[in-house]
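Trainee: To start, I am sharing the structure in question, which I have written as structure tokens.
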Amino acid sequence: MNVSDLIEDGVKEILGARKGRQFYERLSEPERAVRMNLNENMLVDRSFSSTILMEASENTDARRYPVVKGGLALKAISENVGLWEDEVMVGNGSDEILDLVAKVFVGRGEGLVVDPTFEMYRFYVGLAGGRTKQVLISKNFEMEADDVLSAVNERTKVIFICSPNNPTGKQFSKDEVLRVVEESDRLIVLDEAYVDFAPYSLAREATKYHNLLVLRTFSKAFGLAGLRIGYGVGSSEIIEWLRAAQSPFSVNSVAQGACRLVLENRRVYDSFVKKTIEERRYLMAELEMVNGIKPFESDANFILIKVIGGDVTSEDVCKRLRSAGIEVRDRGNLPMLKNCLRVTVAERESNLKFVKELEKAMKGSS
Ligand SMILES: Cc1ncc(COP(=O)(O)O)c(C=O)c1O
């Protein structure tokens, strides 16, 4: 027997593209000097974050399993958002909730993605045995509700909308998102991973609708990417199905404790978010002065940049930056994003180093 023959064709297709790829390369990344490829938030103060972590770990007896299904964090989040506990679920990152949505609600059906977007929607849908259908955003990076609604068919089970969208950075219009929620009669997953850096959130309104699940994360604005904690808000019916499918101990005790402490210190974290937005403005202004590129306005903690000058591609630029010790994400392979790369807004020193090396990479191209 060949073990590969045990895997279903659709699943093999989605895994085949990833098998072996990136893993060993990624293993060495943490040692690299400047990491601006994962949209982590280095503008969260390291020593403040360490204090939170120490208190959370002191309160943890690691000999015991964590409170089931993130229950400790769940209480803190539902109080903070002003919702009932059956309207919120906590996951091992919002990634875990996406995985559960694909397994529970998409299954062998179809998920609609608004492209170009976060690649994991496609991945989890494929892994669950489903198919993905794509709808493109408009040239100015807006989502048109009419385009999404006309792509819905009888196989469509879930529509994934990322707003602010990764990697374009733009938050979609609230009216367009709500039209899809109200008129599609499908489950809408609104991924708000970057919403703390943007003008509005629908999290507090999610439970008004029977078919809207809003996802949030502690990995970005709150700088807890390494702890893996995220949450979903929606009607109790959506939440209870997902929670039923979740493994009992996926959210660890320290992450749950830290989540509670972070929410108790909300004001301090608001100041880190403010700083990130200021730094985004600064980086944007610097990028506007670099020849041969076009940066796009962002509502997130990253900026999408199109390489337009010389005969260089975004892939070349990413390689040149890598050899200068800077990791950014080439997005040139995504639809509509030829020659685009994505850079995370980081601390001033890293941002300046990035701009300097980007200028060098562009000069080398002409
Ligand atoms: C749009 C989007 N959604 C979800 C995630 C996953 O976040 P988490 O760390 O909560 O799993 C990311 C991470 O980069 C993201 O970009």
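Each value in this text was obtained by applying a stated rule to the coordinates, not by laboratory testing. Computed from a prediction, not measured in an experiment: that's the story for all the values here. Neighbour counts run over all protein chains shown; Cβ positions are idealised from the backbone, glycine included.
Trainee: Size of region 284-329 along its principal axes in angstrom, Cα-based, largest extent first?
Mentor: The Cα atoms of region 284-329 stretch 28, 22, 15 Å along the principal axes, largest first.
Trainee: Which pairs, out of LYS69/LYS220; LYS103/LYS274; LYS103/LYS170, put more than 31 Å between their alpha-carbon atoms?
Mentor: LYS103/LYS274
Trainee: Further question: Taking amide hydrogens as modeled 1.01 Å from N in the peptide plane, which residues meet the under 5 Å criterion relative to PHE118, leaving out close sequence neighbours?
Mentor: It is ASN166, by chain and number.
Trainee: Residue by residue, what Karplus-based ³J(HN,Hα) values in Hz, rounded to whole numbers, does region 228-234 have, using 6.51, -1.76 and 1.60 with θ = phi - 60° and x for Gly and Pro?
Mentor: Residue by residue, region 228-234 yields 6, 8, x, 8, x, 10, x Hz.
Trainee: Over all directions, how big on average is the projection of the convex hull of the alpha-carbon atoms in the chain, in square nanometres?
Mentor: The orientation-averaged projected area of the Cα hull of the chain comes to 19.2 nm².
Trainee: Pull out the extension gain between LYS274 and ASP175, defined as 0.36 nm times the separation in residues minus the alpha carbon to alpha carbon distance; nm, one decimal.
Mentor: 33.1 nm
Trainee: Within a Cβ distance under 9 Å of LYS75, other residues only, what is the Lys/Arg minus Asp/Glu net charge?
Mentor: On the way: positive: ARG260; negative: GLU79, GLU85.
My count for the surroundings of LYS75 gives -1.
Trainee: May I ask what percent, to the nearest 5, of DSSP beta bridges between residues of the chain are antiparallel? Let's see the in-between values first.
Mentor: On the way: 19 of 40 bridges.
In the chain, DSSP labels about 50 percent of beta bridges as antiparallel.
Trainee: With springs only between Cα atoms under 10 Å apart, run a GNM on the chain and tell me which of PHE23, PHE141, PHE218 wobbles the most.
Mentor: PHE23
Trainee: Kindly rank 263-276, 228-241, 53-66 from highest to lowest mean number of other beta carbons found within 10 Å of each residue.
Mentor: The most tightly packed comes first, giving 228-241, 263-276, 53-66.
Trainee: How are the alpha carbon pair distances in region 252-324 distributed across 10 Å bins from zero to the largest one, expressed in percent?
Mentor: The percentages, shortest bin first, are 16, 31, 25, 19, 9, 0.
Trainee: Per the Debye formula with a single identical scatterer at each Cα and no solvent contribution, what log10 I(q)/I(0) holds for region 47-265 at q = 0.09, 0.11, 0.12, 0.13 Å⁻¹?
Mentor: -0.34, -0.51, -0.60, -0.71
Trainee: Something else now. Percent relative contact order of the chain, based on C-alpha pairs within less than 8 angstrom and at least six residues apart? List each step's numbers first, then the result.
Mentor: Values: 698 pairs, mean separation 80.2, N = 366.
22 percent.
Trainee: Under a straight-distance cross-link criterion of Cα-Cα below 17 Å, which aspartates and glutamates are reachable from LYS174, leaving out those fewer than 8 residues away in the same chain?
Mentor: GLU142, GLU144, ASP146, ASP147, GLU182, GLU183, ASP191, GLU192, ASP196, GLU205, ASP299
Trainee: Binning every alpha carbon pair distance of region 182-225 at 5 Å from zero, what are the percents per bin?
Mentor: Values per bin, smallest distances first: 5, 22, 26, 21, 15, 8, 3, 0.
Trainee: What does the extension gain come out to for GLU13 and VAL68, with contour length at 0.36 nm per residue minus their alpha carbon separation?
Mentor: Details: separation 55, 0.36 × 55 = 19.80 nm, distance 3.45 nm.
Result: 16.4 nm gained on full extension.
Trainee: Under 10 Å, Cα contacts only: if you run a Gaussian network model on the chain, which one of ASP185, ASP175, ASP86 comes out with the highest mean-square fluctuation?
Mentor: ASP175
Trainee: Now for a different question. Just check region 252-293 against the gyration tensor rule for me: Cα atoms, a ≥ b ≥ c as the square roots of the eigenvalues, rounded for a/c under 1.5, and otherwise prolate or oblate depending on whether a/b exceeds b/c. Kindly include the intermediate steps, with their values, before the conclusion.
Mentor: Values: a/c = 9.12, a/b = 2.75, b/c = 3.31.
Since a/c reaches 1.5 but b/c is at least a/b, the shape of region 252-293 is classed as oblate.
Trainee: Calculate one ³J(HN,Hα) per residue across region 88-105 by plugging θ = phi - 60° into the Karplus curve 6.51 cos²θ - 1.76 cosθ + 1.60, and present them in order as whole Hz with x for glycine and proline.
Mentor: 9, 10, 10, x, 6, x, 5, 3, 5, 5, 4, 4, 5, 4, 5, 5, 7, 9
Trainee: If you build the Cα gyration tensor of region 43-156 and take the root of 5 times each eigenvalue, what three semi-axes come out, in whole angstrom, biggest first?
Mentor: Working: eigenvalues 253, 70, 41 Å².
Computed over region 43-156, the values are 36, 19, 14 Å.
Trainee: Now a separate question. So for region 231-366, what percent of the C-alpha to C-alpha distances run longer than 28 Å?
Mentor: On the way: 3625 of 9180 pairs.
Percent of Cα pairs beyond 28 Å in region 231-366: 39.
Trainee: To continue, here is another question. Quick one: go through region 75-110 and flag any residue whose amide nitrogen is under 17 Å from the point 7 Å out along the Cα-to-Cβ line of GLU240.
Mentor: Zone members listed by number: 84-90, 105.
Trainee: Could you give me the ³J(HN,Hα) list for region 161-175, computed from phi with Karplus coefficients 6.51, -1.76, 1.60 and θ = phi - 60°, whole Hz, x at Gly and Pro?
Mentor: Going residue by residue, I get 10, 10, 8, x, 7, 9, x, 6, x, 8, 7, 6, 5, 4, 4 Hz, with x marking Gly and Pro.
Trainee: Would you please give the residues with an amide H less than 5 Å from that of ASP299, counting only those at least 5 places away or on a separate chain, with H modeled from the backbone geometry?
Mentor: LYS170, GLN171
Trainee: Please give me the summed charge of the neighbours of ALA361: other residues whose Cβ is under 11 Å from its Cβ, Lys and Arg +1, Asp and Glu -1.
Mentor: Here the count lands on +3.
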